[in-house]
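K.L.:
Okay, here's the structure, questions in a sec.
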Amino acid sequence: MKVLVPIKRVVDANVRVRVKADGSAVDIANVKLSMNPFDEISVEEGVRLKEAGVAAEVVVVSCGVHGCQETLRTAMATGADRGVLVETEAELQPLAVAKLLKAVVDKEQPQLVLLGKQAIDDDANQVGQMLAALLGWPQATFASKLGVEAGKATVTREIDGGLETIEVDLPAVVTTDLRLNTPRYATLPNIMKAKKKPLDVVTPDALGVDIAPRLSTLKLAEPPKREAGIRVADAADLVAKLKNIAHVI
Ligand code: AMP
């Protein structure tokens with residue numbers, strides 16, 4: 001069984017994001033970029049399926065600029081077998097990414113596509129669902145447990161009310177949630193080995209995919225600064241302030 005893991009390069013989770021002065025976009029100049037944390041979990045799960053003898057190959061794919069090769073190499077250093085970069089400088093919205101991934105799926109014919117539940121830059125939470133719809137495949141989103149056996153995936157999903165376990169026929173799209181696993185670190189020898197693993201580069205044109213944006217961003221703004229809280233003397237003071245200052249009761 002082949003597992004395809006789409007990974008996105010995003011602003012590192014520890015970086016304080018800043019909006020450009022003209023409000024047009026987030027400023028990513030000179031900012032540390034890393035693999036989307038949910039995608040690290042997907043790569044780990046794919047590699048564990050391989051180690052368990054369930055998967056024969058784990059292929060990672062990223063859509064974006066040349067620098068995404070670095071992220072693909074990181075995934076290969078933690079156990080993915082090879083990488084595919086769909087290279088473009090253009091802005092990619094979730095529908096465009098889903099269409100590009102569909103073209104890669106058509107070519108690679110995986111039985112399982114493991115995506116993150118969302119990318120922490122745009123927080124869209126759309127690509128997995130859109131990809132499943134474009135492929136006409138079953139989907140199981142927000143997986144916190146995954147079992148693959150006899151052409152089926154059994155997925156425990158994190159939902160508002162708790163946990164739900166569903167079974168889907170393969171091929172299927174699964175998106176990963178935080179509690180699925182703890183990704184391993186890349187060791188230095190594996191980082192060196194990953195440099196020699198195959199990495200194909202294709203373009204959206206070569207895949208015949210129209211990536212033109214369908215949405216336009218009007219403006220981005222920093223959230224308003226939170227004012228400092230105040231201490232109240234006692235319950236009566238609290239009630240008075242909620243009534244007379246906050247006007248909430
Ligand atoms: P989103 O719907 O944008 O929040 O992203 C959900 C998931 O789709 C991510 O966790 C990735 O697995 C995948 N994805 C999103 N954008 C890209 C991209 N540019 N290249 C590869 N995979 C992506």
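K.L.:
Condition first: surrounded by 14 or more Cβ atoms within 10 Å (Cβ to Cβ), within 15 Å of residue 112 (Cα to Cα) and not polar (S, T, N, Q). Now tell me which residues in the stretch 148-182 satisfy that.
P.N.:
148, 152, 153, 155, 168, 170, 171, 172, 173, 174
K.L.:
Here's something else I'd like to know. Being assigned to a helix (DSSP H, G or I), surrounded by fewer than 17 Cβ atoms within 10 Å (Cβ to Cβ) and either β-branched (Val, Ile, Thr) or out of contact with any Leu (no Cβ under 9 Å at 6 or more places or on another chain) (or both) narrows it down to one residue among 210, 237; which is it?
P.N.:
None of the others qualify; the one that does is 237.
K.L.:
Would you mind stating whether residue 32 is at pLDDT 95 or above, farther than 13 Å from residue 119 by Cα and not hydrophobic (A, V, I, L, M, F, W, C)?
P.N.:
Yes; evaluated as a whole, the condition is true for this residue.
K.L.:
Read through the list (1) in contact (Cβ under 8 Å) with a residue 60 or more places away in the chain; (2) away from the ligand (no atom under 12 Å from the Cβ), then give the number of the only condition that residue 89 fails.
P.N.:
So the condition that residue 89 fails would be (1).
K.L.:
Here's something else I'd like to know. Just checking, which of 235, 212, 206 is free of Cβ contacts under 8 Å to residues at least 60 places away in the same chain and closer than 29 Å to residue 83 by Cβ?
P.N.:
206
K.L.:
Can you pull out the residues in the stretch 1-46 that are within 13 Å of the ligand (Cβ to nearest atom), open to solvent by less than 30 Å² (accessible area, probe 1.4 Å) and part of a loop (DSSP other than H, G, I, E, B)?
P.N.:
7, 36
K.L.:
Here's another thing I want to ask about it. Looking for whichever is open to solvent by less than 30 Å² (accessible area, probe 1.4 Å), more than 21 Å from residue 51 (Cβ to Cβ), touching a residue at least 12 places away in the same chain (Cβ under 8 Å) and part of a helix (DSSP H, G or I) here; the options are 100, 134, 95. Which one fits?
P.N.:
100
K.L.:
Among the candidates 119, 103, 132, which residue alone is more than 10 Å from the ligand (Cβ to nearest atom) and in contact with a strand residue (DSSP E or B) (Cβ under 6 Å, 6 or more places away or on another chain)?
P.N.:
It is 132.
K.L.:
Right, here's the next one. Residues to consider are 171, 138, 110; find the one that is more than 9 Å from the ligand (Cβ to nearest atom) and touching a Leu at 6+ places or on another chain (Cβ under 6 Å).
P.N.:
110 is the lone residue from the list that is more than 9 Å from the ligand (Cβ to nearest atom) and touching a Leu at 6+ places or on another chain (Cβ under 6 Å).
K.L.:
Still on this model: Considering (1) touching a Lys or Arg at 6+ places or on another chain (Cβ under 8 Å); (2) of a type in the set (A, V, I, L, M); (3) within 13 Å of the ligand (Cβ to nearest atom), say which one residue 98 fails and leave the rest.
P.N.:
Every listed condition holds for residue 98 apart from (1).
The values are calculated or read from the model by the stated rules, or taken from the named source; none is laboratory data. Because the structure is a prediction, the values reported are computed rather than measured. Using ideal geometry, Cβ is built from the backbone for each residue, glycine included, and neighbour counts are taken over all protein chains shown. These accessible areas exclude ligands, DNA and RNA; they are computed on the full protein's heavy atoms, side chains included. Shrake-Rupley method; radii C 1.70, N 1.55, O 1.52, S 1.80 Å.
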